[in-house]
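What follows is one structure encoded as structure tokens, with my remarks underneath.
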Amino acid sequence: MHPAYSVIFFTTASGAGYGMLALMAILGTAGILPADRWFGFVGLALALGLITAGLLSSTFHLGRPERAWRAVSQWRSSWLAREGVLAILTYIPAGLFGIGWVFLEQTSGFWGVMGVLAAIGAFLTIVCTSMIYRSLKPIHQWHNDWTIAGYVALGFASGAVALSFVAHLFDVAGPVVKALPVALVPVAWAVKTGYWAFIDRTRSLSTSNTATGLRGGEVRSVDWPHTQENYLQKEMGFQVARKHALKLRTIAHGLTFAVPLAFAVLTLLVPNPLAGIAAFVALASIAAGLLAERWLFFAEAKHTVTLFYGAKAA
Amino acid sequence: MTTLPTTTTTKLGLVIDLDTCVGCQACVTNCKEWNTGGHSAPLTDLNPYGDKVDGVWFNRVHTFEYGLGENARTVNFPKSCLHCENAACVTVCPTGASYKRSSDGIVLVDHDKCIGCKLCSWACPYGAREFDEDEGVMKKCTLCVDRIYNENLDEVDRQPACVITCPSKARHFGDLGDPDSDVSKLVAERGGYDLMPEQGYKPTNKYLPPRPRKLTGAAIGAQESLQPVKTNGKGFLGWVDKVLTR
């Protein structure tokens, strides 16, 4: 599948934003994070900023962005519409929780309830994003539960790394905030490793034989219906990164997981401001790593339409 | 609404005969010609006289080979929207632009509602939908909905453009929900099949497999081998025979 830059940025940025929002809301409500005005403002602004930038970016790949408002109407059947509905709904408790934290320095009682609702909304929005891909049967590499686990785990891992950095910035990073990336990054690492192992050892049920219904031997594509690349090949037949998949996976292992984990451990061992610098390195690394990981998620996905263009399996 | 109808009154669709298709591209051409002025008009062509030609087509003919040696076959393979019963291209649509008609099962796009997110084209295993870069909306085969019910046309012409133009009668149109229709009988008789049944989309369109190849002369009613002509010793041939055998 063709990796559109706007969709890569959208899914990584909004995933990290929702992960961070959920963690801030839970830890804030539980009283583990201090209800400090400026920390709350910068932290929630970063989380909601990532979410909003991601959502806006997702409209850039639309053919008709001015009609984007229509995309929430079909929540009964469409995961994309459900994602839109939940994304909008989550702003309400998240905004109220932010008002309580930033203006009143309150994160308990009513404001705490808003925090819990914001966390639930954030979690469900990530699940909806993953379900858009999980629900597509023609793409074997997406149509499995690893897709959901991957989006949720990576959203929360990157959110925890971002939260740790902001908390260090305000010198309010307690042991829980420092330990969260150390706990969540390995979970995401395990899920992504499991995902890659799964797509390496399994194939789509569809082959060039089932696609054409021609039985009795190998089906060879001898003539295409067009002399130049058409929409189907540009959108679904993307091959550039597949060639470099192994290298990109190594980069993703390093930047998304190994480096952030090492520097997250460092934040537990050294005092501020060194710990703050370590938290920043972890954040910069996971941000770059996620772009490689998400690029691969698209580039390694093989659509069944390629079976009509010479692919034997998908 | 992008939820699918549980049943449709009829199941209009195509039956495509891979045995007789000669790959002449007439169906492709007539489809483009009709539809660029019909329900989905225009079928945009980008850079049509340049080196990177691109454009929207609803029907495309691939050519495949399969088998080896004397069993090897070349098959021309027309592919267009299969108007599936489980049309996931419809259910994934966030705006309600994609829909399946409960009356005849035809899958259509309302181009005024489409936001061009392309998700429907990802959800189609067959690659039936093509994006119009110029208009920013998705387009697809309409089964010539603007022909088959068109009372301004003679009744004989109320068929999809691809069907009516096919010179080798490789394309048939009708109600595949009615077991007594001509197309249903044809499918039963020739062992018509679904493309990618394992995907679970239940396509309405069916494909008829190439007939088994007849490898001997006897199989088509010819002599096994040629015998020398016998003469009765008379006439010119008799004289030639006599002279040459001397």
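Please state which one of B:Thr20, B:Thr2, B:Thr9 is in contact (Cβ under 8 Å) with a residue 60 or more places away in the chain, of a type outside the set (A, V, I, L, M, F, W, C), assigned to a loop (DSSP other than H, G, I, E, B) and surrounded by 22 or more Cβ atoms within 10 Å (Cβ to Cβ). Break it down stepwise before answering.
Numbers: B:Thr20 fails: surrounded by 22 or more Cβ atoms within 10 Å (Cβ to Cβ); B:Thr9 fails: surrounded by 22 or more Cβ atoms within 10 Å (Cβ to Cβ).
Among B:Thr20, B:Thr2, B:Thr9, only B:Thr2 is in contact (Cβ under 8 Å) with a residue 60 or more places away in the chain, of a type outside the set (A, V, I, L, M, F, W, C), assigned to a loop (DSSP other than H, G, I, E, B) and surrounded by 22 or more Cβ atoms within 10 Å (Cβ to Cβ).
If you scan the range B:49-60, which residues turn out to be at the interface with chain A (Cβ under 10 Å from one of its Cβ atoms) and surrounded by 24 or more Cβ atoms within 10 Å (Cβ to Cβ)? Reasoning before the result, please.
Narrowing the range B:49-60 to residues at the interface with chain A (Cβ under 10 Å from one of its Cβ atoms): B:50-57, B:59-60.
Those that are at the interface with chain A (Cβ under 10 Å from one of its Cβ atoms) and surrounded by 24 or more Cβ atoms within 10 Å (Cβ to Cβ): B:Val56, B:Asn59.
Suppose we filter the range A:222-241 for residues that are open to solvent by 40 Å² or more (accessible area, probe 1.4 Å) and in contact with a strand residue (DSSP E or B) (Cβ under 9 Å, 6 or more places away or on another chain); how many remain?
In the first step, residues of the range A:222-241 are kept if they are open to solvent by 40 Å² or more (accessible area, probe 1.4 Å); the result is A:222-224, A:227-229, A:234, A:239-240.
Restricting the remaining residues to those that are in contact with a strand residue (DSSP E or B) (Cβ under 9 Å, 6 or more places away or on another chain) gives A:222-224, A:228-229, A:234.
Residues meeting the conditions: 6.
So how many residues does the range B:109-148 have that are under 17 Å from the mean Cα position of the chain (by Cα) and hydroxyl-bearing (Ser, Thr, Tyr)?
2
With of a type in the set (A, V, I, L, M, F, W, C) and free of Cβ contacts under 8 Å to residues at least 60 places away in the same chain as the only criterion, which of B:Val109, B:Val61, B:Val15, B:Val28 stands out?
Working: B:Val109 fails: free of Cβ contacts under 8 Å to residues at least 60 places away in the same chain; B:Val15 fails: free of Cβ contacts under 8 Å to residues at least 60 places away in the same chain; B:Val28 fails: free of Cβ contacts under 8 Å to residues at least 60 places away in the same chain.
Going through B:Val109, B:Val61, B:Val15, B:Val28 in turn, just one is of a type in the set (A, V, I, L, M, F, W, C) and free of Cβ contacts under 8 Å to residues at least 60 places away in the same chain: B:Val61.
Taking the range B:74-87, which residues are at the interface with chain A (Cβ under 8 Å from one of its Cβ atoms) and surrounded by fewer than 24 Cβ atoms within 10 Å (Cβ to Cβ)?
Matches in the range B:74-87: B:Thr74, B:Val75, B:Lys79.
It is to be established whether one or more residues within the range A:198-212 are of a type in the set (A, V, I, L, M), modelled with pLDDT of 95 or more, more than 18 Å from the chain's Cα centre (by Cα) and open to solvent by less than 30 Å² (accessible area, probe 1.4 Å).
Yes - at least one qualifying residue is present in the range A:198-212.
Within the range A:80-96, track down each residue that is within 12 Å of chain B (Cβ to nearest Cβ) and without any contact (Cβ under 8 Å) to a residue 24 or more places away in the chain.
Within the range A:80-96, A:Ala81, A:Gly84, A:Val85 meet the criteria.
Which of the residues belonging to the range A:197-240 are facing another protein chain (nearest Cβ under 7 Å) and small (Gly, Ala, Ser)?
Listed by number, the residues that qualify are A:Ser206, A:Ala211, A:Gly213, A:Gly216, A:Gly217, A:Ser221.
Only one residue in A:Val113, A:Val102 is open to solvent by less than 60 Å² (accessible area, probe 1.4 Å) and of a type in the set (Val, Ile, Thr). Which one?
On the way: A:Val113 fails: open to solvent by less than 60 Å² (accessible area, probe 1.4 Å).
The conditions single out A:Val102.
Are any residues in the range A:31-63 open to solvent by 60 Å² or more (accessible area, probe 1.4 Å), at pLDDT 95 or above and outside any helix (DSSP H, G or I), and if so, which ones?
Within the range A:31-63, A:Ile32 is the sole residue that qualifies.
B:Cys89 passes all but one of (1) in a helix (DSSP H, G or I); (2) more than 28 Å from A:Ser73 (Cα to Cα); which number fails?
Condition (2) is where B:Cys89 drops out.
Only residues that are in contact (Cβ under 8 Å) with a residue 60 or more places away in the chain and open to solvent by 10 Å² or more (accessible area, probe 1.4 Å): list them for the range A:134-149, please.
Of everything in the range A:134-149, just one residue is in contact (Cβ under 8 Å) with a residue 60 or more places away in the chain and open to solvent by 10 Å² or more (accessible area, probe 1.4 Å), namely A:His140.
Need pairs with beta-carbon distance below 6 Å; first residue facing chain A (nearest Cβ under 7 Å) and within the range B:116-141, second hydroxyl-bearing (Ser, Thr, Tyr) and in a helix (DSSP H, G or I); sequence gap 6+ or separate chains.
B:Pro125/A:Thr304; B:Glu130/A:Tyr231; B:Phe131/A:Tyr231
Would you mention how many residues in the range A:107-134 are farther than 25 Å from B:Thr91 by Cβ and hydroxyl-bearing (Ser, Thr, Tyr)?
Filtering the range A:107-134 for residues farther than 25 Å from B:Thr91 by Cβ gives A:107-120, A:122.
Checking the rest, the ones that are also hydroxyl-bearing (Ser, Thr, Tyr) come to A:107-108.
Residues in the range A:107-134 being farther than 25 Å from B:Thr91 by Cβ and hydroxyl-bearing (Ser, Thr, Tyr): 2 in total.
Does A:Ala118 count as over 22 Å from A:His168 (Cα atoms), free of Cβ contacts under 8 Å to residues at least 40 places away in the same chain and buried (at least 24 other Cβ atoms within 10 Å of the Cβ)?
no
Checking the conditions here, which among A:Ser135, A:Ser73, A:Ser77, A:Ser108 is more than 30 Å from A:Ala211 (Cβ to Cβ) and within 14 Å of chain B (Cβ to nearest Cβ)?
From the options A:Ser135, A:Ser73, A:Ser77, A:Ser108, the qualifying one is A:Ser73.
Read through the list (1) at the interface with another protein chain (Cβ under 7 Å from one of its Cβ atoms); (2) surrounded by fewer than 24 Cβ atoms within 10 Å (Cβ to Cβ); (3) assigned to a loop (DSSP other than H, G, I, E, B); (4) without any contact (Cβ under 8 Å) to a residue 24 or more places away in the chain, then give the number of the only condition that B:Gly96 fails.
Only one criterion in (1) at the interface with another protein chain (Cβ under 7 Å from one of its Cβ atoms); (2) surrounded by fewer than 24 Cβ atoms within 10 Å (Cβ to Cβ); (3) assigned to a loop (DSSP other than H, G, I, E, B); (4) without any contact (Cβ under 8 Å) to a residue 24 or more places away in the chain is unmet by B:Gly96, namely (4).
The values are calculated or read from the model by the stated rules, or taken from the named source; none is laboratory data. Just so it is clear, the structure is predicted and the values come from calculations on it, not from any experiment. Here Cβ is always computed from backbone atoms with ideal geometry, including for glycine, and neighbour counts include all displayed protein chains. What goes into the accessible areas is simple: the full protein's heavy atoms, side chains included, and nothing from ligands, DNA or RNA. Shrake-Rupley method; radii C 1.70, N 1.55, O 1.52, S 1.80 Å.
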